[in-house]
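Inspection log for the structure reproduced underneath, given as structure tokens.
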Amino acid sequence: MDFWSRRFTVVRASSSSDSLGSTAPIAPLQLESPVGQFLSQILMSHPHLVPAAAEQQLEQLQTDRDAEKQKEEPSASGTDLVLYRRIAEVKANERRKALEEILYALVVQRFMDANVSLIPTIIPDPSGRVDSWPSQDEKLQQLHSSEAYEMVQNHLALILGNRLGDSTSVAQISKIRVGQVYAASVMYGYFLKRVDQRFQLEKTMKILPHALDEEERNVQQVVGDEIRPTGGEASYQTPQSHPEVSSWSGGVSAGAFGNGIKASRLRTYVMSFDQETLQRYATIRSKEAVSIIEKHTEALFGRPEIVITPEGTIDSSKDESIKISFGGLKRLVLEAVTFGSFLWDVESYVDSRYHFVLN
């Protein structure tokens with residue numbers, strides 16, 4: 001699915017300058033539906049009340065959907081029937097958009113609760129630098145289990161290679177490629193939280209496979225065989241399976257990928273899955289969550305001009321280059337992984353009340 005097949009309004013979230021005297025943006029994506037705007041106001045004034053407000057909105061959406069199902073289509077055919085179905089379609093689309101924005105507001109609230117500021121819309125300064133945001137790496141690390149963070153470090157090693165410990169050096173990088181890294185990292189965080197949740201449950205219940213208690217001699221070789229970055233140019237896309245299971249959806253550059261994959265219990269656990277289970281865990285369950293990843297990434301990086309040549313390749317002549325430190329790139333990836341982790345949590349929460357997940 002192409003991130004840029006649709007046009008969205010890309011602006012920063014409304015600031016709280018009117019009520020709180022602050023000009024800092026809350027998130028890069030502006031919520032547009034009445035429900036989304038209502039939740040945005042609560043995010044600015046009383047963020048701790050967002051879960052309760054979201055639950056009330058979900059109850060109302062459920063009531064509206066149930067009422068819609070109970071209506072009978074007009075028995076007459078022709079104009080009345082077409083009009084009825086069109087109205088029903090419009091209302092369903094409105095509910096879907098409201099649902100997406102409830103998901104987004106809940107993800108943003110989770111970051112606010114952790115006292116982590118989301119990176120605003122990326123706009124280069126006069127020198128071309130974009131990473132003026134604070135690192136907050138330690139805060140982001142604490143939002144993951146120790147086993148999951150080992151996997152996050154491996155993910156960072158794939159992207160940064162031997163630059164993982166270099167926070168100050170600055171590189172000039174394709175903006176499209178950085179967007180690909182961000183989107184793929186959101187998907188990776190979603191997958192990681194999903195498998196880690198199952199891992200932690202089985203660990204607590206002491207029913208983990210016995211193989212995890214043995215020496216992990218072959219993990220690095222297995223992982224090396226499974227992960228093959230493609231390094232190809234493409235528009236920002238939402239991967240349909242996480243990048244370290246299937247294929248890497250683009251990267252910073254072909255030479256930026258490292259081989260620093262380390263053995264970990266969680267990685268061994270994941271590698272014990274059969275192919276069907278792995279694919280199921282590596283797929284985002286709802287269309288609404290996929291849409292949120294698309295819109296959030298577009299709000300961060302803008303809408304690039306993608307031109308397909310007659311040969312079927314992508315003309316990158318209009319691709320913008322940005323200057324970013326490796327520390328700034330690490331911050332982007334850590335935020336993206338955490339965004340995906342939170343998205344899994346809030347999608348599960350919303351589904352328990354609205355029952356919208358199909359996969």
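Can you find a residue that is more than 25 Å from GLN56 (Cβ to Cβ) and either in a loop (DSSP other than H, G, I, E, B) or under 22 Å from the mean Cα position of the chain (by Cα) (or both) anywhere in region 93-116?
Yes; the residues of region 93-116 include at least one that is more than 25 Å from GLN56 (Cβ to Cβ) and either in a loop (DSSP other than H, G, I, E, B) or under 22 Å from the mean Cα position of the chain (by Cα) (or both).
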Where ALA88 falls short, out of the listed (1) within 30 Å of TRP133 (Cα to Cα); (2) touching a Lys or Arg at 6+ places or on another chain (Cβ under 9 Å): (1)
Count of region 31-51 residues which are surrounded by 20 or more Cβ atoms within 10 Å (Cβ to Cβ) and of a type in the set (S, T, N, Q): 1
Condition met for ARG86 (among the basic types (Lys, Arg), free of Cβ contacts under 8 Å to residues at least 12 places away in the same chain and in a helix (DSSP H, G or I)): yes
Candidates LYS91, LYS97, LYS69 - the one that is among the basic types (Lys, Arg) and surrounded by fewer than 11 Cβ atoms within 10 Å (Cβ to Cβ): LYS69
Residue that is farthest from TYR349 (Cα to Cα) [pool: residues in region 34-91 that are among the β-branched types (Val, Ile, Thr) and modelled with pLDDT of 95 or more]: ILE42
Any hit, region 52-60, residues being more than 30 Å from the chain's Cα centre (by Cα), at negative phi, surrounded by 15 or more Cβ atoms within 10 Å (Cβ to Cβ) and assigned by TED's automatic domain parsing to the domain that holds ALA105: no
Residue list for region 192-211, restricted to those being hydrophobic (A, V, I, L, M, F, W, C) and in a loop (DSSP other than H, G, I, E, B): MET205, ILE207, LEU208
Options ARG198, ARG217: the member that is of a type in the set (Lys, Arg) and at pLDDT 85 or above: ARG198
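Rundown of residues vs (1) at pLDDT below 95; (2) more than 16 Å from the chain's Cα centre (by Cα), yes/no style:
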position: THR268; (1), (2): yes, yes
position: PHE273; (1), (2): yes, yes
position: GLU276; (1), (2): yes, yes
position: THR283; (1), (2): yes, no
position: LEU300; (1), (2): no, no
position: GLU305; (1), (2): yes, yes
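The values are calculated or read from the model by the stated rules, or taken from the named source; none is laboratory data. Computed from a predicted structure; not experimentally measured. Neighbour counts are summed over all protein chains in view; Cβ atoms, including those assigned to glycine, are modelled from backbone coordinates with ideal geometry.
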